[in-house]
Amino acid sequence: MPEVVLTSDWTMMSNHHGKEFLGFGTTTPALVLPEAAYRRLFYPPMACDDEGHPVQAPYGLRKIEAALLEAGIDARIIHPSYLDHYMPGEAKLLLLSGHDYLGLNPPSTTFSGVMGKPPLNRINFMRMMRQPHVLAAHRQGMRIIAGGPSAWQFTEATRSKLEWVNAFLQEIGGIDTVVEGEAEVFVVDIVRKALGGEPLPAHVVIPPKEAPTVDQIPTIRYASINGLTEIGRGCCRGCSFCSVTQRPTRWYPLEKIEQEILVNVRSGQRSGLLHSDDVMFYGSPNIMPREEKLLPLMAMAKKHYEHVGWSHVAVATLMTKPNLLPKIHDILCTGKQTWWGAEIGVETGSPRLITKAMPGKVAPFRASQWPELVVQAAGLLNDNSVYPACTFIVGLPQETEEDVIKTIDLFDDLWDFKAILVPMFFVPLGHLKERDWFRSAAVTDRQRELFELALTHGLHQSRALLEPFLEVRNGLTHAIYRTLFTGFIDFVHFIAEEKGLLREPGSAREHHAMESPLRNPDGMPLPTIPIR
């Protein structure tokens with residue numbers, strides 16, 4: 001049995017029915033319906049072998065597991081329901097990872113703030129850490145190290161702002177070490193110190209200059225959830241509210257990416273997600289997409305996966321070379337695949353706020369072109385069978401009421417866009433980490449209007465997108481899940497209508513003064529692409 005156990009809570013240790021986007025459902029509270037209903041819809045249990053090794057596991061955990069195994073350390077990922085097989089007793093060290101341990105990231109703070117209840121991810125993480133065998137093991141000397149993108153939620157800075165976080169950590173006996181940053185190299189050293197009984201630092205921040213090189217990042221040994229495969233790290237856009245932009249940009253060679261895809265394929269996965277902070281940047285040293293790098297990547301992924309999705313892409317990147325997306329469509333949308341998705345950070349409809357908080361997001365275009373750029377990108381995406389989730393930030397420190405009105409106006413322009421538009425509360429990260437959270441008590445009438453528009457649009461488009469979303473299912477399974485999700489959408493619609501939360505577009509319409517026509521970096525006019 002392994003001395004080092006790695007795990008995450010139940011909301012993370014799920015493949016969300018093979019649909020990564022459904023993981024967002026774990027950031028909501030269980031409202032009206034019991035938690036079991038949300039579990040069935042959004043985070044069904046992950047299959048495991050008799051020893052508790054999950055068939056698939058979160059990608060970040062797989063990277064850390066691979067780094068430890070390469071170093072000869074006895075370490076494995078264990079499903080949270082099997083932790084009692086290893087503790088108290090065999091396990092000397094528990095490594096934790098999570099995207100949102102305590103529900104403090106933007107989706108969770110938004111849903112919990114609006115609904116007035118803790119989100120499911122927080123509830124499940126706390127439940128995991130409160131299990132008697134975990135508490136007993138910790139009391140008997142097992143050490144706990146927490147890392148991953150939400151490790152900041154355990155730091156002294158967070159504990160000083162949120163007393164309930166401090167109380168929870170005291171209840172479970174604390175976290176021995178909190179590690180922020182890319183830890184594939186560092187983890188080997190600290191795990192050896194922990195196993196040797198040496199003193200551990202309470203908080204470690206791995207600076208960007210010490211981030212691992214591509215050669216130092218190991219290849220995963222076992223399957224990742226939903227076939228997620230990293231193609232690179234870092235982002236050069238420099239948005240003030242984002243921590244990813246502080247990391248150096250690195251791209252994996254095609255061979256390294258293919259090795260990880262094959263790990264997933266050998267485990268039986270037929271769909272996969274290419275992950276970076278902007279997939280269309282692949283292989284580029286700057287903000288200009290490189291067709292000669294990107295198209296071979298798409299072809300290689302499609303050779304192994306029946307369905308290929310993207311984690312993220314940027315509006316400006318899409319519009320820099322708009323003729324590139326149709327070429328990618330022709331590679332991916334063959335065989336059983338008819339569409340793909342991605343997350344897009346639109347953030348605002350205000351050129352002024354773009355200039356103040358995220359000037360790099362619009363490059364190589366001008367901030368004044370942002371609203372029209374987003375509308376044109378929406379048409380380009382839908383014309384090429386891309387149905388994204390688009391995020392918006394509410395409550396940025398630089399935001400004014402006029403900025404909110406501009407975003408409402410953009411929502412009106414995007415009303416026929418086949419996508420999910422998701423406004424989320426500002427969370428202090430990146431260069432703004434010293435600021436405070438935006439809270440529901442501060443929501444203005446205009447911001448409330450924005451949320452109501454998003455909810456109304458989301459209910460309408462969710463119904464339209466349900467059939468393509470379930471395309472990989474067939475027969476009885478398809479019918480069951482179509483019924484379940486249609487019922488859930490109808491349930492949310494009923495609650496929203498009862499509470500007067502639905503709003504049609506046009507209530508604050510102010511047409512933008514566009515610079516026309518939009519031009520690409522070579523000075524050529526971009527085609528006008530209607531949303532349909």
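The values are calculated or read from the model by the stated rules, or taken from the named source; none is laboratory data. Please read these numbers as outputs of a predicted model, since none were measured by experiment. Don't worry about glycine lacking a Cβ; one is built from the backbone with ideal geometry, like all the others, and counts go over all protein chains shown.
Condition (residue is under 25 Å from PHE21 (Cβ atoms), in the same structural domain as VAL443 (by TED's automatic domain parsing), modelled with pLDDT under 95 and buried (at least 24 other Cβ atoms within 10 Å of the Cβ)) applied to region 349-359: is it met by at least one residue?
From region 349-359, those under 25 Å from PHE21 (Cβ atoms) are 349, 358; that's our starting set.
From what's left, in the same structural domain as VAL443 (by TED's automatic domain parsing): 349, 358.
Those still in the list that are modelled with pLDDT under 95 too: 358.
Narrowing the set further to residues that are buried (at least 24 other Cβ atoms within 10 Å of the Cβ) leaves 358.
There is at least one residue in region 349-359 that is under 25 Å from PHE21 (Cβ atoms), in the same structural domain as VAL443 (by TED's automatic domain parsing), modelled with pLDDT under 95 and buried (at least 24 other Cβ atoms within 10 Å of the Cβ).
MET142 passes all but one of (1) of a type outside the set (Ser, Thr, Tyr); (2) under 22 Å from the mean Cα position of the chain (by Cα); (3) within 22 Å of LEU68 (Cα to Cα); which number fails?
Of the numbered conditions (1) of a type outside the set (Ser, Thr, Tyr); (2) under 22 Å from the mean Cα position of the chain (by Cα); (3) within 22 Å of LEU68 (Cα to Cα), the odd one out for MET142 is (2).
Mind checking which residues of region 193-206 are over 19 Å from ALA67 (Cα atoms) and in a loop (DSSP other than H, G, I, E, B)? Let's see the steps before the verdict.
Restricting attention to region 193-206, the residues satisfying the condition of being over 19 Å from ALA67 (Cα atoms) are 197-203.
Matches in region 193-206: GLY197, GLU198, PRO199, LEU200, PRO201, ALA202.
Residues that are over 20 Å from LEU429 (Cβ atoms): which helices (runs of 4 or more DSSP H) entirely in region 126-174 hold 1 or more of them? Lay out the reasoning, then the answer.
Values: elements: 132-139, 156-161, 163-171.
Helices (runs of 4 or more DSSP H) meeting the threshold: 132-139, 163-171.
Looking only at region 324-339, which residues are among the hydrophobic types (A, V, I, L, M, F, W, C), surrounded by fewer than 22 Cβ atoms within 10 Å (Cβ to Cβ) and without any contact (Cβ under 8 Å) to a residue 60 or more places away in the chain?
LEU324, ILE331, CYS333
Among the residues of region 292-310, are any out of contact with any helix residue (DSSP H, G or I) (no Cβ under 7 Å at 6 or more places or on another chain), assigned by TED's automatic domain parsing to the domain that holds ALA378, surrounded by fewer than 23 Cβ atoms within 10 Å (Cβ to Cβ) and under 27 Å from PRO248 (Cβ atoms)?
Within region 292-310 (the criterion being out of contact with any helix residue (DSSP H, G or I) (no Cβ under 7 Å at 6 or more places or on another chain), assigned by TED's automatic domain parsing to the domain that holds ALA378, surrounded by fewer than 23 Cβ atoms within 10 Å (Cβ to Cβ) and under 27 Å from PRO248 (Cβ atoms)), the answer is yes, since at least one residue qualifies.
Could you please find all residues in region 159-170 being in contact (Cβ under 8 Å) with a residue 24 or more places away in the chain and either in contact with a Lys or Arg (Cβ under 8 Å, 6 or more places away or on another chain) or surrounded by 18 or more Cβ atoms within 10 Å (Cβ to Cβ) (or both)?
VAL165, PHE168, listed by residue number.
Right, ILE190: assigned to a loop (DSSP other than H, G, I, E, B), at pLDDT 95 or above and not assigned by TED's automatic domain parsing to the domain that holds TRP437 or not? Please lay out each step first, then the result.
Numbers: assigned to a loop (DSSP other than H, G, I, E, B): no; at pLDDT 95 or above: yes; not assigned by TED's automatic domain parsing to the domain that holds TRP437: yes.
When the stated conditions are applied, ILE190 does not pass them.
If you check TRP340 against the conditions, is it of a type outside the set (Asp, Glu), in the same structural domain as HIS431 (by TED's automatic domain parsing) and closer than 21 Å to ARG233 by Cα? Show your work before the answer.
Values: of a type outside the set (Asp, Glu): yes; in the same structural domain as HIS431 (by TED's automatic domain parsing): yes; closer than 21 Å to ARG233 by Cα: no.
For TRP340, the condition - of a type outside the set (Asp, Glu), in the same structural domain as HIS431 (by TED's automatic domain parsing) and closer than 21 Å to ARG233 by Cα - is not met.
Looking at region 207-219, which of the residues that are loosely packed, with under 11 Cβ neighbours inside 10 Å and part of a helix (DSSP H, G or I) is modelled with the highest pLDDT?
That would be ASP215.
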